[in-house]
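J.: Pasting in a structure now, in structure tokens, and then I'll have a few things to ask.
A short reminder: the numbers here are calculations on the coordinates, not readings from a lab. Values in this document were obtained by computation on a predicted structure and should not be read as measured data. Cβ coordinates were reconstructed from backbone atoms using ideal geometry, including for glycine residues, and neighbour counts include every protein chain displayed.
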Amino acid sequence: MERKVRVRFAPSPTGPLHIGGVRTALYNYLFAKKHGGDFILRIEDTDQTRYVAGAEEYILESLKWCGLTFDEGVGVGGNCKPYRQSERNKQGIYKKYVDQLLAAGHAYYAFDTPEELEQMRERLKAEGGSSQQYDSSTRNSMKNSLTLSAEEVSRKITAGEPYVVRVKIPRNEEVKFKDIIRGWVIVDSSNLDDKVLYKSDGMPTYHMANVVDDYLMKITHVIRGEEWLPSGPLHVMLYRFLGWEDVMPEFAHLPLILKPDGNGKLSKRDGDRLGFPVFPIEWKSPEGEISSGYRESGYFPNAVINMLALLGWNPGTEQELFTVQELVDAFSLDKVGKSGSKFDPEKTKWFNEQYLRAKSNEELAQLIKPMAQAKGYQISDDKFLVSVCNLMKERATFLNDIIEKGTYFFEAPTTYDAETVKKKWKDESAKIVTDLITVFSNTAFNAHDLEAAFKKYVEDNSLGFGVAMIAIRLAITGVGGGPHLFDIMEVIGKEESINRLKSGIEKINKG
Ligand code: GLU
């Protein structure tokens, strides 16, 4: 029987969600939606020593910002909370299966102290062996329920001695599974160690809780980062030992996201070094250290999602811009590459520009209005902002660029770009501006008529077009570049334009 597709994103709250984690969540989400399945969020928080305060809230907020809503968790509908393994553990969910493995001889108790484990490693190192693992070749010389008598074991447990439960990995067995992205993964069980599944603090480890939950939650596809590939064989063994092989999920291990320059995994340090965020939203560590986020840096969530979708997956066409629905329709794990993808911060900006330009001027105006007001600009007329957006959107990467790069729409220049003044403000410039004040004062104040009047003046006086144009541009905007000058003048209006031309004559001087 075809099973309903069910996938999960299973982060551990050990810190902020890296952009690679967001991509894992995204691919799970797209895969679920494509197949009419469920996308489940499960917080894997059984390792108390790695717990970081605020990380879970951060993960939830990040997913929300990205629009990656999950379908299922504790509670109902839109208000449901993610599954949380620490809570599930309190319900005794994992212990039951640990006991099943113990009873079947697939797991055993081990009482070795940290010092004894260290001694074992030292001894094996001294003997020159290549591995210092707790496994089929070493377990017999250690303190565990395979070497101690049953009485001794129960005495230790009753006395409250700390213990762990380890999986008993057999020797020389072939463990294999087919990874959707990498093909067959085959290992000899002799290379695996007897990983800890459960600790006497009452907590299962990642491996145990992860496999049990994937089984209980009827997960059909495990889509996760490549760093979990080495855990695959152990998980396959656990499915075998627990008698769940027939419902074992399929695996897809996603390639790494690599540094923009050089090799290796993209890290926060690369972001700091090259000046781009590696986190979806700003993260404040419990120690108060702040790391920048895409949200706070002015990126649109859909632009980030679009960029991430194409980082490792290719649609097989030249198309680069995708709505989320288009991604859902086009997505398939077959088109996820095996090798890592280099992160490209410039391309991320390009995506943001495309999303910004695709918005209507009216929508952009509403988005920048609070930003303009926060800068103290009085906005009495939304139409004015719509016109500003119309002229500036092609020049902006982020929303605030519209205001930052277009300050002259909001206030008269107080300084004039020194370089431009030096090169382009000529001896005759002040006279040209003075003349043009008269010309413009007698012209209907729209871009078309202003331009026609300007051209006529320049031609009638046999002047250089460029010299005259840059003179008024400097007076109006204070800088040497920008949108079509007569459009700017139309938007800021007659009175303001004439005032600026007048003060330009007074204030611009070559010094
Ligand atoms: N808790 C693991 C993590 O933090 C999940 C790995 C998996 O998806 O199995 O990434």
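J.: To the nearest Å, what is the center-to-center distance of segment 1-69 and segment 388-426, using C-alpha atoms only?
T.: Here the two parts' Cα centres lie 42 Å apart.
J.: Then there is this: Over segment 416-511, how many percent of alpha carbon pairs lie in each 5 Å bin up to the one with the longest distance?
T.: Result, from short to long distances: 2, 15, 29, 28, 19, 7, 1 percent.
J.: Still on this structure, please answer the following. Rounded to the nearest 20 debye, what is the charge dipole size of segment 1-89 about its Cα centre when +1 sits on each Lys and Arg Cβ and -1 on each Asp and Glu Cβ?
T.: Once rounded to the nearest 20, the dipole reads 340 debye.
J.: Please give every one of the lysines within straight-line cross-link reach of K426, meaning a C-alpha to C-alpha distance under 30 Å, and leave out same-chain neighbours fewer than 8 residues apart.
T.: K405, K455, K456, K494, K502, K507, K510
J.: Mind listing the phi-derived Karplus ³J(HN,Hα) values for segment 223-240, rounded to whole Hz, using 6.51, -1.76 and 1.60 with θ = phi - 60°, and x for any glycine or proline?
T.: Along segment 223-240, the couplings run 10, 8, x, 4, 4, 9, 4, x, 7, x, x, 4, 5, 4, 4, 5, 4, 5 Hz.
J.: Shifting gears a bit: Once both labels are modelled 7 Å past Cα along the beta-carbon direction, what's the E326-E419 spacing in nm?
T.: Each label point lies 7 Å from its Cα, and together they span 3.7 nm.
J.: For R8, enumerate residues with amide H under 5 Å from its amide H, sequence gap 5+ or separate chain, H modeled in the peptide plane.
T.: Those qualifying (amide H under 5 Å, at least 5 residues apart or on another chain) are I40, I223.
J.: Which three lengths, in whole Å and largest first, does segment 242-306 cover when its Cα atoms are put on their principal axes?
T.: On the principal axes, segment 242-306 reaches 48, 30, 29 Å in Cα extent.
J.: Full extension from Q319 to Y51: what is 0.36 nm times the residue separation minus their Cα-Cα distance, to one decimal in nm?
T.: Stretched out fully, the Q319 to Y51 stretch lengthens by 92.4 nm.
J.: What are the ³J(HN,Hα) values, in whole Hz, obtained from phi via the Karplus relation 6.51 cos²θ - 1.76 cosθ + 1.60 with θ = phi - 60°, for each residue of segment 160-174 in sequence order, with x given for Gly and Pro?
T.: Working through the residues one at a time gives x, 5, x, 9, 10, 9, 10, 6, 9, 7, x, 8, 6, 10, 7 Hz.
J.: I would also like to ask the following. In what order do D417, D201, D272 fall by count of nearby beta-carbon atoms within 10 Å, going from fewest to most?
T.: The order, fewest Cβ neighbours first, is D201, D272, D417.
J.: Of all the Cα-Cα pairs you can form in segment 339-463, what percent are over 23 Å apart?
T.: Of the Cα pairs, 54 percent sit more than 23 Å apart.
J.: Starting from the amide H of L258, placed 1.01 Å from N in the peptide plane, find each other amide H under 5 Å away whose residue is 5 or more places distant or on another chain.
T.: The list, which skips near neighbours in sequence, is L266, S341, K342, F343.
J.: Go through F331, V212, Y27 and say which Cα lies farthest out towards the positive end of the charge dipole of the chain; charges sit on Cβ, +1 for Lys and Arg, -1 for Asp and Glu.
T.: The Cα lying farthest towards the positive end belongs to V212.
J.: Continuing with this model, one more query. Using Cα atoms only, what is the angle between the long axis of helix 361-374 and the major principal axis of the chain, expressed in degrees (0 to 90) to the nearest 10?
T.: Result, in degrees: 90.
J.: Is there a quick way to get the dipole size of the chain? I mean about its Cα centre, with the Cβ of Lys and Arg at +1 and of Asp and Glu at -1; what is the value in debye to the nearest 20?
T.: 200
J.: Using 29 Å as the Cα-Cα cut-off, could you pick out the over-long pairs in K268/K347; K4/K349; K81/K176?
T.: Check vs 29 Å cut-off fails for K4/K349; K81/K176.
J.: Can you tell me the dipole magnitude for segment 177-277 around its Cα centre, using point charges on the Cβ only (Lys, Arg +1; Asp, Glu -1), in Debye to the nearest 20?
T.: Roughly 300 debye, rounded to the nearest 20.
J.: Which aspartates and glutamates, if any, have their Cα less than 19 Å from the Cα of K422, not counting same-chain residues under 8 positions apart?
T.: E506
J.: Quick one: plug the Kirkwood hydrodynamic radius of the chain (C-alpha pairs) into Stokes-Einstein at 10 °C, 1.306 mPa s, and report D in µm²/s.
T.: Answer, rounded: 57 µm²/s.
J.: OK, next. Using alpha carbon centroids, what distance separates segment 450-511 and segment 198-261, in Å?
T.: For segment 450-511 versus segment 198-261, the Cα centre distance is 67 Å.
J.: Let me ask something additional. Just flag the trypsin sites (Lys or Arg not before Pro) in segment 298-387 sitting in loop per DSSP whose Cβ has no more than 15 other Cβ atoms within 10 Å.
T.: When the trypsin sites (Lys or Arg not before Pro) of segment 298-387 are filtered for loop state and at most 15 Cβ neighbours within 10 Å, K338, K375 remain.
J.: Tabulate in residue order the Karplus-calculated ³J(HN,Hα) for segment 468-474, using 6.51 cos²θ - 1.76 cosθ + 1.60 with θ = phi - 60°, rounded to whole Hz; enter x for Gly and Pro.
T.: The phi angles translate into 5, 5, 5, 5, 6, 4, 4 Hz.
J.: Calculate the spin-label point distance for E394 paired with A452, positioning each point 7 Å from the Cα along the beta-carbon direction, and give it in nanometres.
T.: 2.3
J.: Looking at segment 1-102, what % of the alpha carbon pairs are farther apart than 24 Å?
T.: When all Cα pairs of segment 1-102 are counted, 27 percent exceed 24 Å.
J.: With viscosity set to 1.306 mPa s and temperature to 10 °C, compute the Stokes-Einstein D of segment 324-386, Rh being the Kirkwood radius across alpha carbon pairs; µm²/s, no decimals.
T.: 104
J.: While we're looking at this one, here's another question. Could you pull out every one of the lysines with an alpha carbon less than 18 Å from that of K199, ignoring same-chain neighbours closer than 8 positions?
T.: K90, K95, K96, K143, K156, K168
J.: Give me the orientation-averaged projected area of the Cα convex hull of segment 70-134, in nm², one decimal.
T.: Quarter of the Cα hull surface area: 7.8 nm².
J.: Go ahead and estimate [θ] at 222 nm for the chain from helices alone: -39,500 (n - 2.57) per DSSP H run with n ≥ 4, summed, over the residue count, rounded to 500.
T.: That comes out to -13500 deg cm²/dmol.
J.: Another question, then. Starting from the alpha-carbon convex hull of segment 378-420, give the projected area averaged over all orientations, in nm².
T.: Dividing the Cα hull surface by four gives the mean projection, 3.8 nm².
J.: If I take R0 = 30 Å and measure r between the Cβ atoms of R269 and E227 in this structure, what FRET efficiency does the formula 1/(1 + (r/R0)^6) give, to the nearest 0.05?
T.: 0.95
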